[in-house]
1. So how do His143, His37, His85 line up by other beta-carbon neighbours within 10 Å, fewest first?
2. In the range 34-87, if every C-alpha pair distance is counted and binned at 10 Å from zero, what percent goes to each bin?
3. Can you list residues whose amide H is under 5 Å from Asn157's amide H, if they're 5+ apart or on another chain and H is modeled 1.01 Å from N?
4. How charged is the neighbourhood of Asp135? Take every other residue with its Cβ under 13 Å from the Cβ of Asp135, and add Lys/Arg as +1 and Asp/Glu as -1.
5. Taking only the alpha-carbon positions of the range 90-191 and ignoring solvent, what does the Debye formula give for the base-10 log of I(q)/I(0) at q = 0.22 Å⁻¹?
6. On full extension of the chain, what length is gained from Arg172 through Asn149, given 0.36 nm per residue of separation minus the C-alpha to C-alpha distance?
7. Would you mind getting the Kirkwood hydrodynamic radius of the range 79-118 from its Cα pairs, rounded to one decimal in Å?
8. Mind listing the long-range amide H neighbours of Lys104? Cut-off is under 5 Å, sequence gap 5 or more, other chains count too, H placed in the peptide plane at 1.01 Å from N.
Amino acid sequence: MASKGRPRNPSRVKSALVLVDVINAFDFNGGNALRKHALPAARRLAALKKKAQSLGRPVIYANDNFSQWQSDFPRLFKWIVESTHGDEIARILEPGAHDYFILKPKHSAFYLTPLELLLNNLGVRKIILGGFQTDMCVLLTAHDAHMRNFSLYIPSNCSASEKPENHRWAMRHVREFLEADTRPYASTQRL
């Protein structure tokens, strides 16, 4: 976990934007299909991130470490941009100086990471969640957030899966079983 700054007034923060696996190599079986669907979602996530930042909401990158156990987030980002098919999406969603980041060893952003501690420290009770894959890492992170009593807003247009039907299934699942708000993100809505 690291940050080069803090939100304007952490004691008043109610929501945080958590971006799951958006800095991604897309070098796995199905990666090209995911990348195709992730690109439009990444553009919407960039707009959502900008809105969250303008409101003083923290932005937290929860990213796979791609089995690079001796790496850190800045080196991981550099590798993605310089050496993988994920370069365009990584540039769209490039972390800023005030963003937080954690590297996760498995699918859920909560599993063996300090995410819960960070969210509690920031006073967050609502998680705005987006990223890749909706039906795997985003879904499992949503389940873990729900079990920890965080409310969830998972905009249906700010995440992606390899197959659109898998994305739709996951959105239906989080709406029905986790009581998540899944309305598509629009720049005019409150966060």
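1. Working: His143 17, His37 20, His85 14.
Listed from fewest to most nearby Cβ atoms, that is His85, His143, His37.
2. 20, 42, 34, 4
3. Amide H neighbours of Asn157: Tyr185.
4. Numbers: positive: Lys163, Arg168, Arg172; negative: Asp21, Glu162, Glu165.
Residues close to Asp135 contribute a combined charge of 0.
5. Here log10 of I(q) over I(0) equals -1.35.
6. 6.3 nm
7. Values: mean 1/r = 0.0837 Å⁻¹.
Answer for the range 79-118: a Kirkwood hydrodynamic radius of 11.9 Å.
8. Here Asn63, Asp64, Asn65 satisfy the definition.
Since every read-out is calculated from the coordinates, none of them should be taken as a lab result. These numbers come from a predicted model, not from an experiment. Methodologically, a virtual Cβ is constructed for each residue, glycine included, from the backbone with ideal geometry; neighbour enumeration extends over all protein chains shown.
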